[in-house]
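Encoded as structure tokens, the structure appears first; notes follow it.
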Amino acid sequence: MLRQVLANSKDSYALQQVIRQTEKECVEPILHKLDRLADGKIRGGVRDIMLAVTLSPYRSVDLLVVLYRNLAMVGNVAAVYNSRPRLRETLAILYDTARVVATVNFVNLGAKMIDNVTKGLPGMIPGISRIVDDCTEGLAAGLLTSITGHAAQQRCRAFRGWDYEEAKKNIARHLKTFTADVGKMFFQDITPNIRLPIGLGLDKWKELKESVAKGFNDTIEAIQNFVRFGKSDKGPQEEP
């Protein structure tokens, strides 16, 4: 189509129209298929990391596990779009992804999440604080992984070129959605695997889960406050 237009016309407008049509009819449908594959990689990575961090008895290695699994997930996402990216291209994807992820202030976000979760806890029972810590760490690790995966996905699918400022705004625009998805996955897939301490009945466990869920939802409502923007950048408006 492009060759035919170039051969028969020098009209730049006609060429632009053909390019847009080609992107809409050929490129975008293929990207949507790849998006579904990449989404599966991201969701699998988020679920595995939340499960590992929440149930791990060795907190000292949790950070290493999260970093290793995130690197592996970014590599898997890159392979979906780029098949076998070269080392230089892989490093560029990792660097650009890390720049976008760094716009979210995870230190303060984690502290706020802990504060929101613990302020509504039921009466103290032996082992309850450990469960709360495990749940909070698992949720934070899942959120970090989700943001990393989607930042890598956006970087890899940008066939027209990738823009750092636009990538920051896109992550901020969808941050609530990512966080809500992480919470839904956690309470559906992860909490049934948590071993309850002796003395914590089902009623107390239900109350504890509700308290953690409420604290997490409160964090979602305030999550836009933890995204760093430049002095002149007020950030993106949320999508309706």
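The values are calculated or read from the model by the stated rules, or taken from the named source; none is laboratory data. What you see is a predicted model; the values in this text were computed from it and never measured. Backbone-built Cβ (ideal geometry, glycine too); neighbour counts: all protein chains shown.
Residue 58 meets each of the listed conditions (1) surrounded by 13 or more Cβ atoms within 10 Å (Cβ to Cβ); (2) out of contact with any Lys or Arg (no Cβ under 6 Å at 6 or more places or on another chain); (3) under 23 Å from residue 189 (Cβ atoms) apart from (1).
With respect to the conditions (1) closer than 26 Å to residue 163 by Cα; (2) of a type outside the set (Asp, Glu); (3) without any contact (Cβ under 8 Å) to a residue 40 or more places away in the chain, residue 101 lacks only one, and its number is (3). The listed residues are 27, 53, and the only one of them that is more than 17 Å from the chain's Cα centre (by Cα) and touching a residue at least 40 places away in the same chain (Cβ under 8 Å) turns out to be 27. Within segment 109-126, the set of residues being among the β-branched types (Val, Ile, Thr) and at pLDDT below 70 comprises 125 only.
Restricting attention to segment 140-161, the residues that are polar (S, T, N, Q) and under 15 Å from residue 78 (Cβ atoms) add up to 3. A search for C-beta distances below 9 Å between a residue of segment 82-95 that is closer than 14 Å to residue 72 by Cα and any residue that is modelled with pLDDT under 90 and not hydroxyl-bearing (Ser, Thr, Tyr), counting only pairs 6+ apart in sequence or on different chains, returns 90/82; 93/82; 93/85.
In this entry, residue 35 passes the filter for residues that are surrounded by 12 or more Cβ atoms within 10 Å (Cβ to Cβ), farther than 30 Å from residue 134 by Cβ and not polar (S, T, N, Q). Of the residues in segment 5-16, none is within 30 Å of residue 134 (Cα to Cα) and surrounded by fewer than 16 Cβ atoms within 10 Å (Cβ to Cβ). Only residues that are at pLDDT 90 or above and surrounded by fewer than 22 Cβ atoms within 10 Å (Cβ to Cβ) were counted in segment 127-143, giving 0. A Cβ distance below 6 Å, combined with a sequence gap of six or more or placement on separate chains, defines the contacts here; from segment 148-170, residues that are surrounded by fewer than 22 Cβ atoms within 10 Å (Cβ to Cβ) reach residues that are aromatic (Phe, Trp, Tyr) and part of a helix (DSSP H, G or I) in the pairs 157/81.
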